[in-house]
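The values are calculated or read from the model by the stated rules, or taken from the named source; none is laboratory data. Keep in mind that this is a model prediction, so the values were computed, not measured. All Cβ positions, even for glycine, are placed from backbone atoms using ideal geometry, and neighbour counts span all protein chains on display. With ligands, DNA and RNA removed, areas are computed over all heavy atoms of the protein, side chains included. Shrake-Rupley method; radii C 1.70, N 1.55, O 1.52, S 1.80 Å.
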Number of protein chains: 2
Amino acid sequence: MMEAETEDFFTEQNVIDGFVFQVGSLEALYLAQRGHRVSLYEYREDIRKTPQVRGRSINLALSVRGRQALKGVGLEDQMIHEHGIPMRARMIHRLDGSTYSMPYDARTNQCIYSVGRNYLNGLLLKESEKYDNVQKFFNYKLIQTNLKNGSLTFTNTATKETVEVNADLIIGADGAFSAVRKEMMKQPLFNFSQEYIEHGYLELCIPPGSDDGFQMPPNYLHIWPRGQFMMIALPNQDCSWTVTLFMPFKNFKNINSEEVLIDFFEKYFPDSIPLIGKKKLIEDFFAGSPSPLVTVKCRPYHVKDKALIIGDAAHAVVPFYGQGMNAGFEDCTLLDELFKKHNDHLASILEEFSTTRWRDTFAISDLAMYNYIEMRDLVNRPSYKLRKALDDFLFWLMPDTWVPLYNSVTFTSMPYSQCVKNRTWQNKVLAMVILFVCLLVFLFLIYTRK
Amino acid sequence: MMEAETEDFFTEQNVIDGFVFQVGSLEALYLAQRGHRVSLYEYREDIRKTPQVRGRSINLALSVRGRQALKGVGLEDQMIHEHGIPMRARMIHRLDGSTYSMPYDARTNQCIYSVGRNYLNGLLLKESEKYDNVQKFFNYKLIQTNLKNGSLTFTNTATKETVEVNADLIIGADGAFSAVRKEMMKQPLFNFSQEYIEHGYLELCIPPGSDDGFQMPPNYLHIWPRGQFMMIALPNQDCSWTVTLFMPFKNFKNINSEEVLIDFFEKYFPDSIPLIGKKKLIEDFFAGSPSPLVTVKCRPYHVKDKALIIGDAAHAVVPFYGQGMNAGFEDCTLLDELFKKHNDHLASILEEFSTTRWRDTFAISDLAMYNYIEMRDLVNRPSYKLRKALDDFLFWLMPDTWVPLYNSVTFTSMPYSQCVKNRTWQNKVLAMVILFVCLLVFLFLIYTRK
């Protein structure tokens with residue numbers, strides 16, 4: 001039996017941001033199901049014992065890839081039915097406060113789910129208690145790593161005790177600032193890039209209404225697209241909303257007084273002020289500073305048959321496609337398939353994962369960057385609406401042939417790189433059709449002139 | 001008076017490769033000229049005391065940017081006249097051993113210079129002895145860095161003694177695997193990428209002939225372009241040639257016996273075998289393993305008014321445009337201009353260098369990658385030769401307006417990004433001219449038909 005150590009620790013830098021998902025806990029369940037012994041080391045304390053800090057816990061958009069991964073360990077239904085709030089459409093807020101909605105999937109009414117990070121993590125950790133072969137260690141900080149021989153040294157941050165552990169396989173699921181990846185960087189021929197966008201994000205909150213219900217229609221992802229910046233809101237189970245403002249850092253900097261802040265919101269998000277509450281808006285806005293958003297691309301993801309990185313550690317993306325967690329969870333599904341295919345032969349599993357997965361993670365990374373422009377700007381434009389209507393119509397006409405980009409990414413498990421290729425093909429077809437129609441019109445005009 | 005520490009140390013990884021230039025020594029001279037106190041720390045021992053290892057010391061191609069930088073400290077003439085071998089053209093070796101040449105600058109006969117790395121470094125270090133305000137420390141390994149307060153801790157590798165030094169400004173000129181840059185990476189919003197190409201390089205040597213002279217015409221950069229791989233040779237002052245084979249790692253791997261090696265050379269580089277010597281070829285080829293080639297892009301280059309990276313530490317490029325050292329030396333020229341412009345006010349100097357320089361280093365980085373394809377493949381094609389002939393003709397006709405890409409990069413100090421823009425403009429003009437000529441021919445044909 002193989003002993004695997006799934007790491008899930010964090011560098012100090014990482015603690016500041018909320019985009020950390022428990023890909024490690026899910027992978028532990030998958031390995032445990034296959035009968036492997038798993039030790040899960042985590043830098044922070046057990047999330048189930050931590051009081052949830054409102055306004056700092058981003059909720060997540062769970063879509064098909066994430067659902068399938070949860071299904072593989074028998075948790076899909078529980079997650080969706082007990083803790084998920086379906087979002088069936090984008091609801092766009094205009095400057096004047098009026099709204100209109102754009103369904104994600106007009107054809108079959110599929111939806112994405114808003115889930116609380118803490119709920120999800122709690123569920124995964126609770127599930128692991130059913131397995132005798134999973135051990136969990138909280139408050140363990142990684143201080144030394146030897147990827148080649150599979151040894152790790154941790155310090156218990158509470159007792160200050162130091163332990164060295166040895167594993168057949170080290171899996172680093174330790175987020176965008178991964179310590180395991182830092183070790184991998186010392187290997188020759190390791191390609192790596194980290195790129196920050198010029199925009200940061202800041203979280204606000206719309207509390208439940210006076211009737212303890214939602215203050216906005218709940219089954220939507222609300223968007224206030226404003227060209228160079230945008231605000232979004234996702235529903236929480238307690239009927240509050242997590243509101244996130246995405247904006248260039250320099251614009252954040254310019255909002256340096258309560259007056260400027262209120263002026264800014266009255267100009268761009270007037271309908272949100274009574275929902276958030278003026279006092280709460282001022283309090284929450286100036287309580288923290290905007291957080292950065294980073295894209296990480298790297299390859300390979302493994303060192304021989306000894307170490308592997310997955311999730312954000314391998315491919316952190318900006319959050320605008322709602323695919324960060326879903327892509328991380330999909331890693332677990334794919335790895336499980338490879339474990340079956342290669343009959344637990346680690347060298348083959350890791351090699352195949354490394355050489356095939358990067359094309360898809362690079363693709364979703366680029367798509368996520370593109371989707372920010374779509375969400376904050378394009379979504380408002382007639383050309384975008386026309387294309388979406390056309391895509392939806394063709395999708396309705398030929399559901400197996402014409403899957404629009406968003407739908408293929410969100411509601412199928414088609415490889416991300418294939419989604420991009422599909423879109424390129426669709427663009428070509430549309431261009432040719434338009435050319436053909438123009439030609440027909442032209443011939444018709446000439447013909448009727450005679 | 002400001003005290004500056006110019007660092008020039010290396011991580012262990014770095015020792016393996018030969019693409020390390022003494023940008024630090026040059027910058028030290030520039031700072032000393034302006035009256036600053038400079039301490040130069042170097043991980044290795046004084047290069048003047050190290051015996052030159054033949055076959056592992058890449059010679060460098062010095063072009064206008066590097067020359068101008070040397071001129072600024074009064075070393076251009078000495079370098080070129082005493083140690084430089086002019087190369088006025090590429091000499092292309094065909095499969096059958098026949099050759100033809102392509103001048104770099106048919107119009108004014110400008111040339112690039114092959115210079116020995118050791119000669120160049122020795123010259124820079126010797127020059128620094130003229131300055132009382134430059135102190136040099138060899139065999140010092142950096143073990144701790146605090147960029148914000150300008151402190152560095154070194155261990156003397158000989159005496160094992162540890163020293164802490166404080167500086168007004170830390171300059172990391174410590175190569176592609178820079179330790180100073182690694183510290184910078186801990187800053188928020190630091191963008192970074194390292195990308196290895198799938199090709200490696202291996203150095204061979206053509207010794208002087210039996211008459212102690214050159215075995216090939218010396219005033220050329222010799223190229224054996226073979227599509228997916230290539231070999232080049234640069235002349236040395238002792239009448240030997242440094243020969244470098246660039247090839248995908250997997251091809252290197254396939255050459256696993258003396259027989260295969262000789263077969264390979266007989267097939268692709270037959271004329272080089274008698275020059276290198278069969279015995280020496282086998283010896284040198286199997287003595288080492290191919291080295292990797294990396295591109296590093298990052299930004300910003302500074303931390304407040306306390307730390308800066310220059311040269312390969314800031315922008316390592318693949319060697320195919322012969323601009324790695326030249327770009328590093330150009331950093332020194334540009335910094336000197338900024339020191340004058342901002343009257344030694346560090347915060348302004350570093351800020352302006354960071355916000356302006358990256359566009360040009362990113363441009364030369366992409367150009368260097370492109371030039372590999374040109375050198376190993378395109379150079380052989382009729383379309384390339386036609387374009388070069390056309391470029392040369394237009395350059396001769398309009399020397400101020402139509403500077404071909406290679407010439408603007410190599411023989412001017414036009415910002416690299418401007419060279420690229422120029423080329424894009426030239427491509428557009430040529431496309432329009434071709435379209436116009438086609439139209440004329442078409443009209444002429446119609447007219448003569450009547």
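Toward the positive end of the charge dipole of chain A, about the Cα centre and with charges on Cβ (Lys, Arg +1; Asp, Glu -1), which of A:A431, A:I206, A:A233 goes farthest?
A:A431
In nm to one decimal, list the spacings between the A:K250 label point and its equivalents in the other copies, with label points set 7 Å along Cα to Cβ, shortest first.
Here A:K250 shows inter-copy label distances of 4.6 nm.
Run the numbers on segment B:317-446 and let me know its relative contact order in percent, using alpha-carbon pairs under 8 Å that are six or more apart.
23 percent
From the square roots a ≥ b ≥ c of the eigenvalues of the alpha-carbon gyration tensor of segment B:176-326, which class results: rounded (a/c under 1.5), prolate (a/b over b/c), or oblate?
It is prolate, given that a/c is not under 1.5 and a/b is the larger ratio.
Report, ordered by chain and residue number, the aspartates and glutamates lying within cross-link reach of B:K306, taken as a straight Cα distance under 12 Å and ignoring same-chain residues fewer than 8 apart.
Within the straight-line limit of under 12 Å, B:K306 reaches these aspartates and glutamates: B:E3, B:E5, B:D168, B:E351.
Between B:E129 and B:D211, what length comes free when the chain is fully extended (0.36 nm per residue of separation minus the Cα-Cα distance, one decimal in nm)?
25.7 nm
For every helix of n ≥ 4 consecutive DSSP H residues, a contribution of -39,500 (n - 2.57) applies; sum these over chain B, divide by its total residues, and give [θ] at 222 nm rounded to the nearest 500 deg cm²/dmol.
Computed mean residue ellipticity for chain B: -13000 deg cm²/dmol.
With a 1.4 Å probe and every protein chain left in place, tell me how much accessible area B:C239 has, in Å² to the nearest 10.
30 Å²
What does the net charge come to around B:H342 if you take all other residues with beta carbon closer than 10 Å to its beta carbon, with K and R at +1 and D and E at -1?
Residues near B:H342 contribute -2 overall.
Placing the label point 7 Å from Cα along the Cα-to-Cβ direction, what are the distances from B:D168 to the equivalent spots in the other copies, shortest first, in nm to one decimal?
Copy-to-copy label distances at B:D168, shortest first: 6.2 nm.
Compute, for segment A:205-327, the length of the dipole vector about the Cα centre, with Cβ point charges of +1 (Lys, Arg) and -1 (Asp, Glu) only. Units Debye, rounded to 20.
Taking the Cα centre of segment A:205-327 as origin, the dipole is about 760 debye.
Based on the mean of other beta carbon atoms within 10 Å per residue, what is the order of A:311-318, B:122-129, A:197-204, most packed first?
Final packing ranking: A:311-318, A:197-204, B:122-129.
Where does helix B:23-33 land angle-wise versus the long Cα axis of chain B, in degrees 0 to 90, nearest 10?
On a 0 to 90 degree scale, this one is about 60.
Using a 1.4 Å probe on the protein heavy atoms, what percent of the accessible area of chain B belongs to carbon and sulfur?
Carbon and sulfur together cover 56 percent of it.
Looking at A:L281, A:M369, A:A316, which one has the Cα that reaches farthest to the positive end of the dipole of segment A:278-413 (charges on Cβ: Lys, Arg +1; Asp, Glu -1)?
A:L281
Relative contact order of chain B, please, whole-number percent, based on alpha carbon pairs below 8 angstrom and at least 6 residues apart.
19 percent
Buried accessible area for the A:B pair, summed, 1.4 Å probe, in Å² rounded to 100? Could you put the intermediate results ahead of the total?
Numbers: alone 20340 and 20380 Å², together 39440 Å².
Its buried surface, counting both partners, is about 1300 Å².
Please compare each pair in A:K253/A:K279; A:K253/B:K304; B:K136/B:K186; A:K141/A:K250; B:K253/B:K388 to a cut-off of 24 Å on the Cα-Cα distance and tell me which ones are over it.
Violating the 24 Å Cα-Cα cut-off are B:K136/B:K186; A:K141/A:K250; B:K253/B:K388.
I'd like the accessible area for B:M369: 1.4 Å probe, protein heavy atoms, all chains in place, Å² to the nearest 10.
60 Å²
Using the heavy atoms of the protein chains and a 1.4 angstrom probe, tell me the accessible area per residue for chain A in square angstrom. It would help to have the intermediate numbers written out before the result.
On the way: 19700 Å² over 450 residues.
The answer is 44 Å² per residue.
Mind checking the mean number of beta-carbon atoms from other chains within 10 Å of the Cβ atoms in B:269-278?
0
Which angle between 0 and 90 degrees, to the nearest 10, do you get for helix A:382-397 versus the longest principal axis of chain A when only C-alpha atoms count?
Tilt of helix A:382-397: around 70 degrees.
Evaluate the distance, in nm, between pseudo-label points positioned 7 Å from the Cα of B:F264 and of A:A347 along their respective Cα→Cβ axes.
If labels sit at B:F264 and A:A347, their model points lie 2.3 nm apart.
What is the helix-to-structure angle for B:416-449, meaning the angle in degrees between its Cα long axis and the longest Cα principal axis of chain B, kept from 0 to 90 and rounded to the nearest 10?
10 degrees
Rounded to the nearest 5, what % of DSSP beta bridges with both residues in the protein assembly as shown are antiparallel?
70 percent
How much of B:C438 can a 1.4 Å solvent probe reach, expressed as accessible area in Å² and rounded to 10?
Surface open to solvent at B:C438 totals about 80 Å².
Report, in whole Å, the centroid distance computed from the Cα atoms of segment B:132-182 and segment A:187-231.
Answer, in whole Å: 42.
For the protein assembly as shown, what is the charge dipole size about the Cα centre, in debye to the nearest 20, if Lys and Arg each add +1 at the Cβ and Asp and Glu each add -1 at the Cβ?
Here the size comes out at about 2860 debye.
Along the charge dipole of segment A:112-233, which of A:F177, A:L147, A:A167 sits closest to the positive end, that is, farthest toward it, with unit charges on the beta carbon of Lys, Arg, Asp and Glu (+1, +1, -1, -1)?
A:L147
About the Cα centre, and with charges only on the beta carbon of Lys, Arg (+1) and Asp, Glu (-1), how big is the dipole of segment A:211-280? Nearest 20 debye, please.
360 debye
Of all the residues in chain B, which one has the C-beta that comes nearest the axis relating B to A, and what is the distance in Å?
Nearest residue, distance rounded to whole Å: B:S193, 2.
Summarise the partner chain shielding of A:177-190 as one whole number: the mean count of Cβ atoms from other chains within 10 Å of each residue's Cβ.
2
Relative contact order for segment B:50-159 using alpha-carbon pairs under 8 Å, separation at least 6, rounded to a whole percent?
Averaging sequence separation for qualifying contacts and normalising by length gives 23 percent for segment B:50-159.
Taking the label point as lying 7 angstrom from Cα along the Cα-to-Cβ axis, what are the distances from A:S151 to the corresponding position in the remaining copies, in ascending order and in nanometres?
Its label point is 3.2 nm from the equivalent points in the other copies.
Summarise the partner chain shielding of A:294-307 as one whole number: the mean count of Cβ atoms from other chains within 10 Å of each residue's Cβ.
Other-chain Cβ atoms within 10 Å of each residue's Cβ, averaged: 1.
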